[in-house]
Amino acid sequence: MENCFICDKHAGCIEVSGDCIYEDQYIYMSHIDKKGQPTYLGHIMLDLKRHVPQIGDMSEEEAAAFGIAMKRAAKALQGTLQAEHVYTLVSGNAVPHVHMHIIPRYAGTPEKYWGPMDVYAWPDAPFGGELEIREVTAKLQCFMKENFRANV
């Protein structure tokens, strides 16, 4: 699809932070990229590989793979980053390509910062740059390989 950030990312046309956490024939999972800005560590993007604007337009196979990958991503965040809660968010407003934000909430996060995007406002939230994103990505890749026999 022309002018689609997610399609361009999958095609390797743009450089993003971190490495692929998991990939199969239907989905691509990576850390969110804030274009060099400090990033909330553990914020994962789960993308459908095929350009599909709406969830209802996915094939049954794509939907099954997407759901399983969502569950595995949450389990990886709990197992590697000790997330006490994992948020999922799909809006599709900015980029009309099926993708999901999977965001950990860390222990000690004050309740007023609970919410998938509210965690970003917490002054003590774990933010990092490229090096920290790569460290988190490596932990998540390892967890996926060990627990789900995932090939990265």
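For the reader, a short list of remarks on this structure follows.
- Count of region 80-95 residues which are modelled with pLDDT of 95 or more, open to solvent by less than 80 Å² (accessible area, probe 1.4 Å) and part of a loop (DSSP other than H, G, I, E, B): 1
- Region 96-114, subset out of contact with any strand residue (DSSP E or B) (no Cβ under 6 Å at 6 or more places or on another chain) and under 30 Å from ARG50 (Cβ atoms), residue surrounded by the fewest Cβ atoms within 10 Å (Cβ to Cβ): PRO96
- Residue check, CYS4 farther than 28 Å from TYR113 by Cβ, modelled with pLDDT under 95 and under 15 Å from the mean Cα position of the chain (by Cα): no
- The set of residues from region 24-51 being in contact with a Ser or Thr (Cβ under 9 Å, 6 or more places away or on another chain), within 27 Å of TYR120 (Cβ to Cβ) and surrounded by 14 or more Cβ atoms within 10 Å (Cβ to Cβ) comprises SER30, HIS31, ILE32, ASP33, LYS34, THR39, GLY42, ILE44, MET45, LEU46, ASP47.
- As a summary of the residue check, TYR22 satisfies the conditions (1) modelled with pLDDT of 95 or more; (2) touching a strand residue (DSSP E or B) at 6+ places or on another chain (Cβ under 6 Å); (3) not in a loop (DSSP other than H, G, I, E, B) except for the one numbered (1).
- Of all residues in region 1-19, those being assigned to a helix (DSSP H, G or I) and open to solvent by 70 Å² or more (accessible area, probe 1.4 Å) number 1.
The values are calculated or read from the model by the stated rules, or taken from the named source; none is laboratory data. Small disclaimer: the values here were computed from a predicted structure and weren't measured. When we count neighbours, we look across all protein chains shown, and the Cβ atoms used for this are built from the backbone with ideal geometry, even at glycine. All accessible areas refer to the heavy atoms of the entire protein, side chains included, with ligands and DNA or RNA removed. Shrake-Rupley method; radii C 1.70, N 1.55, O 1.52, S 1.80 Å.
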